[in-house]
Protein chains: 2
Amino acid sequence: MNSILSKIADKSATVGVLGLGYVGIPLALRLSQVGYPTIGFDVLEDRIEGLNAGLSPIKHIEHAKIAEMRQAGFVATNDFSRAAECDVLIICVPTPLDKAHIPDLSFVTATMESIAPYLRAGQLLSLESTTWPGTTEEVLLPYVTAAGLEVGKDFYLAYSPEREDPGNIHFSTRTIPKVVGGHTPACLEVGTELYATIIDQVVAVSSTRAAEMVKLLENIHRSVNIGLVNELKIVTQKMGLDIFEIVDAAATKPFGFTPYYPGPGIGGHCIPIDPFYLTWKAKEYGVHTRFIELAGEINQAMPDYVVGKTVEALNKQGKALKGATVLALGIAYKRDVDDMRESPSVFVMEKLRDWGAEVAYSDPNVPVFPPMREHSFELTSVELSPEVIAGFDAVLLLTDHTDFDYDLIRDNARLLIDTRGKYRDGGDNIWKA
Amino acid sequence: MNSILSKIADKSATVGVLGLGYVGIPLALRLSQVGYPTIGFDVLEDRIEGLNAGLSPIKHIEHAKIAEMRQAGFVATNDFSRAAECDVLIICVPTPLDKAHIPDLSFVTATMESIAPYLRAGQLLSLESTTWPGTTEEVLLPYVTAAGLEVGKDFYLAYSPEREDPGNIHFSTRTIPKVVGGHTPACLEVGTELYATIIDQVVAVSSTRAAEMVKLLENIHRSVNIGLVNELKIVTQKMGLDIFEIVDAAATKPFGFTPYYPGPGIGGHCIPIDPFYLTWKAKEYGVHTRFIELAGEINQAMPDYVVGKTVEALNKQGKALKGATVLALGIAYKRDVDDMRESPSVFVMEKLRDWGAEVAYSDPNVPVFPPMREHSFELTSVELSPEVIAGFDAVLLLTDHTDFDYDLIRDNARLLIDTRGKYRDGGDNIWKA
């Protein structure tokens, strides 16, 4: 143990980051910044070439930062045999759900398969991917013991959930406290020491399973609170009340209340997916996660609700949605990012198309509709002008990017469906949905 | 309107506070403090006599404050004809649920019946009781119009939800922002002016119905978040994880997460009751409030869960709950208050008795088990000592008052069921429930 601890202390430990996406890249940047020799692993050729050329694949990370990391010695590779060089291995691969809402750990297991031959004594292996409680023990540990290593004695196994919040200007990788659980006390010690060199505050918990549950709780909390306010949006709209006014007023209570706002659904890699990891695992224990399932049901129904409101609004003008021209504003899943993962805007666009509408979109962060596994649109972002906006039968505000000219939109839209409460004061042409 | 506004401005308006309980007394204190001639109305003889003798009926309000208010001219009465003297009438009566979970507005309507003959031009009437959106319009307004008054012209009608938080040492009546909605713009103006003289920040909303919904949202938010963490307690306990450790660790995330902790159920006049006011009203609009009902179901099942854990823990020692001696620690509904309304501790005690246990309790704030509408125990608070604690087969920590000697309890209890996570580190004699 002293060997790995001293390599961490003097930053001579080589660190391999496995999975170079929204989590792996900021982590590699931070590791490199404090002086660790850092190797990035991925299977995407484009991603590797781009990073090695000093280019950032993520909007909110500047190219200059990648170039700087390259100069400091970082290299991206798809040669997993180089895992043998690493003293520390950190897995940051996606953990999606399959179509039946069952956890898909294939990226984790594929990564373990790739590095298994290169596991050796003295290494620390840490998983950062969000997953069900027990994954580190039940999925990772067997690879380590199969390699003849004794965890806690000559190998260290930890789980430390990523807490990246793309687009958050108040917190960075370094300033977001990091939870760590170890398979044994020695594993916890080594994991804590490693993260303490790159993160201001490390929070040790009693096991990898506890650490896994912490991350799920964080995202379950968000999913349920958003589900609740989405349900209350439906209830209050029926009563002729404006949920945004009500949340704003409730938020003036200085204790006991945290504002959440409704929207056209939930997106991103975390909130729509992670909670169901617990749902799946809970069944093994014979217990149910009813809040998670209710939140999922309500949040997933929101795109239909928005489309229904559009149909209703057009119908009031004697128009059908079929044949109507509709402009979707904002297709990234949240404000000021370019991330399209699970974006509810895309579900809304698909449903509009299914109803027979002619759909266009405008998003300053997404100039061309990207290839997606489940969705396909051959569209490029429309440039907004008074004429363009006025040319559509309906304009739907789905993601409230800062860069939109909201006065221009309000002043020219014939019919504006506001799903974000951006137009609190309303207007004759505005429907709140 | 100028008449009432100038009486508010120079504090010459006589203010009647109807209902002298957890809300009315702090409000009367504050009104009297800024100089309004204040009259308190109630139907309870004892309450009136006590207040007029300068005695506080509430633990967290000192007698001296009542005496001071008396010296400033405050008087309590059950003579509702004195409502005629009042320029401002503020209703602060309870709004419970009946046994079928249907809103019971009988205290509100009884109050309106009592004051109806004395309503007159120039008055402001404000309702502070928590209730369903539409109550002010649908229940109060008819009394006013029946009196021949024109609301917004010669009479002012408002709704302003109370936000009292008994035992909160950080905020007082004055420093908790107050939401106000008026039946007309003139009503809003008069209501806002009145409250602005006693509260630091007044938050105007667009209608009495919006203001009614704000208060419900605040308590629905709490009920659902507590329900969620109670459900997750059950799930994580099955998985062998400690929910308190997990919430503590999640709470280190500096954004997007607010910690709520599980317990033996929910109590007090607000959280178990208010959400169902919306549930009831929503049905009129053909919509459902599924989060509220799920939270209610789970929170109401918590006392049974705690009793079940007690049965399990005793069983492990080969003991039945029948005939066992059990000590309940803390019977007020939350920490450091003496308020017994809807206290989950009482439900736990009843269930223990039903199982055949011999039940005692200790609560520094409740020396004698008070008469309650739905519950009956002839008990006085047990003084805690090593011998007393060790004499019980099981000790249940239900309400974690500051005044308990937690080391004494842990060191002497044979079996300690901790429902509050007070003993984070556990112990051989401790069961977390």
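None of the figures in this text is laboratory data; all of them are computed from the coordinates on show. The model shown is predicted, which means the values in this text are computed figures rather than measured ones. Glycine also receives a Cβ, built like all others from the backbone with ideal geometry; neighbour counts cover every protein chain displayed.
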Label-point separation, residue A:12 to residue A:110 (7 Å along Cα→Cβ), nm: 3.7 nm
Specify, for chain B, the residue whose C-beta is closest to the rotation axis mapping it onto chain A, with the distance given in whole Å. B:258, 2
Under unit Cβ charges (Lys, Arg +1; Asp, Glu -1), what dipole magnitude, rounded to 20 debye, does segment B:254-432 have relative to its Cα centre? 600 debye
Would you please state the base-10 log of I(q)/I(0) at q = 0.07, 0.16, 0.19 1/Å for segment A:2-207, with intensities from the Debye formula using one equal scatterer on every alpha carbon? -0.18, -1.05, -1.53
Under 1.5 on a/c is rounded, so check that first for chain A, then, if it is not, pick prolate when a/b is larger than b/c and oblate when it is not; a ≥ b ≥ c are the square roots of the alpha carbon gyration tensor eigenvalues. prolate
Considering only DSSP beta bridges whose two residues both sit in chain A, what percent are antiparallel, to the nearest 5? 10 percent
I'd like the FRET efficiency for residue A:139 and residue A:288, computed as 1/(1 + (r/R0)^6) with the beta carbon distance as r and R0 of 30 Å, rounded to 0.05. 0.80
Within 13 Å, Cβ to Cβ, of residue A:413, how many net charges do the neighbouring residues add up to if Lys/Arg are +1 and Asp/Glu are -1? -4
Over chain A, what relative contact order in percent results from Cα pairs under 8 Å that are six or more residues apart? 11 percent
What is the magnitude of the charge dipole of segment B:35-110 about its Cα centre, with +1 placed on the Cβ of each Lys and Arg, -1 on the Cβ of each Asp and Glu, and no other charges, expressed in debye to the nearest 20? 180 debye
Counting only residues 5 or more places away or on other chains, whose amide H sits under 5 Å from the amide H of residue B:40 once H atoms are built in the peptide plane? B:17, B:75, B:76, B:77
Just check segment B:107-194 against the gyration tensor rule for me: Cα atoms, a ≥ b ≥ c as the square roots of the eigenvalues, rounded for a/c under 1.5, and otherwise prolate or oblate depending on whether a/b exceeds b/c. prolate
For A:105, A:408, what's the fewest-to-most ordering of other Cβ within 10 Å of each Cβ? A:408, A:105
Cα-Cα pairs in segment A:41-137 separated by more than 23 Å, as a whole percent of all pairs, come to 37 percent
At what distance in nm do the modelled label points of residue B:98 and residue B:238 sit from each other, each positioned 7 Å from its Cα along Cα→Cβ? 3.8 nm
Dipole of the protein assembly as shown, positive end: most advanced residue of B:48, B:103, B:255 [Cβ charges, Cα centre]: B:103
Cα convex hull of segment B:254-432 - mean projected area over all directions, nm²: 12.3 nm²
If B:246, B:271 are placed from fewest to most neighbouring beta carbons inside 10 Å, the sequence is B:271, B:246
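Given a Förster distance of 51 Å, report the FRET efficiency between residue A:428 and residue B:44 from their Cβ-Cβ distance, rounded to the nearest 0.05.
0.45
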Between residue B:322 and residue B:62, what is 0.36 nm times their sequence separation minus the Cα-Cα distance? Round to one decimal in nm. 89.4 nm
Summing Lys, Arg as +1 and Asp, Glu as -1, what charge do residues with Cβ under 13 Å from the Cβ of residue B:296 carry, residue B:296 excluded? -2
Using the structure shown, select from A:283/B:351; B:233/B:281; A:283/B:233 the pairs with a Cα to Cα distance greater than 20 angstrom. A:283/B:351; B:233/B:281
Filtering GluC sites (Glu not before Pro) in segment A:330-395 by DSSP loop and by at most 14 other Cβ atoms within 10 Å leaves A:374, A:378, A:383
Which whole-number percent is the relative contact order of segment A:349-433 (Cα, under 8 Å, 6+ apart)? 21 percent
Between segment B:26-51 and segment A:86-132, how far is it from one alpha carbon centroid to the other, in angstrom? 66 Å
To one decimal place, what Kirkwood hydrodynamic radius in Å is obtained for segment B:228-267 from all pairs of distinct Cα atoms? 10.7 Å
State the answer as a single residue: which of A:337, A:278, A:380 lies farthest towards the positive end of the charge dipole of segment A:250-393, with beta carbon charges of +1 for Lys and Arg and -1 for Asp and Glu, about the Cα centre. A:278
When the charge dipole of the protein assembly as shown is computed with +1 at the Cβ of Lys and Arg and -1 at the Cβ of Asp and Glu, the Cα pointing farthest to the positive end, of A:310, B:391, B:157, is that of A:310
Long-range amide H contacts for residue B:432: which residues qualify at under 5 Å (H placed 1.01 Å from N, peptide plane, sequence gap of 5 or more or a different chain)? B:418
Per the helix-only calculation at 222 nm, which mean residue ellipticity applies to the protein assembly as shown, given -39500 (n - 2.57) for every DSSP H run of n ≥ 4 and division by its residues, nearest 500 deg cm²/dmol? -11500 deg cm²/dmol
Rounded to 5, percent antiparallel among DSSP beta bridges of segment B:2-207: 10 percent
Least to most buried among B:183, B:101 (fewest other Cβ within 10 Å first): B:101, B:183
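Mind checking the dipole of the protein assembly as shown: about its Cα centre, +1 per Lys or Arg Cβ, -1 per Asp or Glu Cβ, Debye to the nearest 20?
Charge dipole of the protein assembly as shown: 260 debye, to the nearest 20.
How high is the relative contact order of segment B:2-207? Use alpha-carbon pairs under 8 Å, at least six apart in sequence, and give a whole percent.
For segment B:2-207, the relative contact order is 19 percent.
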Alpha-carbon Debye profile of the protein assembly as shown, log10 I(q)/I(0) at 0.08 Å⁻¹: -0.85
